[in-house]
1. For every helix of n ≥ 4 consecutive DSSP H residues, a contribution of -39,500 (n - 2.57) applies; sum these over the chain, divide by its total residues, and give [θ] at 222 nm rounded to the nearest 500 deg cm²/dmol.
2. If one takes the longest principal axis of the Cα atoms in the chain, at what angle in degrees, from 0 to 90 and to the nearest 10, does the Cα axis of helix 15-42 lie?
3. Out of these labelled values of volume of the Cα convex hull per residue in Å³, [x] 62; [y] 186; [z] 118, which was calculated from the coordinates shown here?
4. Let's test the formula: R0 of 25 Å, r as the Cβ-Cβ distance of residue 35 and residue 8. What FRET efficiency results, to the nearest 0.05?
5. Once you put a point 7 Å from the Cα of residue 22 and another 7 Å from the Cα of residue 43, both along the Cβ direction, what distance in nm separates them?
């Protein structure tokens, strides 16, 4: 299905239904990005730089997030 086919279908819908179609398309795009991140996180290869960063971060003193300082 081409972009023009999808556009024609959307134009035939009432405005509120067009918005629902757009929301669903956004949802699918977000899920695609989520799947990519899950693949990256599940990769069993070692990540020495990330491991070092996590160790250093854990060793630092932390304080609660102060939204006024953002």
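1. Result for the chain, helices only: -23500 deg cm²/dmol.
2. 30 degrees
3. Computed from these coordinates, volume of the Cα convex hull per residue in Å³ corresponds to label [y].
4. Step by step, r from the Cβ atoms, then E = 0.30.
5. The answer from the label model is 3.5 nm.
Each reported figure results from applying straightforward, stated rules to the coordinates on display, with no laboratory input. It should be emphasised that the depicted structure is a prediction, and the values quoted were computed from it without experimental measurement. Quick reminder, even Gly has a Cβ in these numbers, built from the backbone with ideal geometry, and neighbours come from all protein chains shown.
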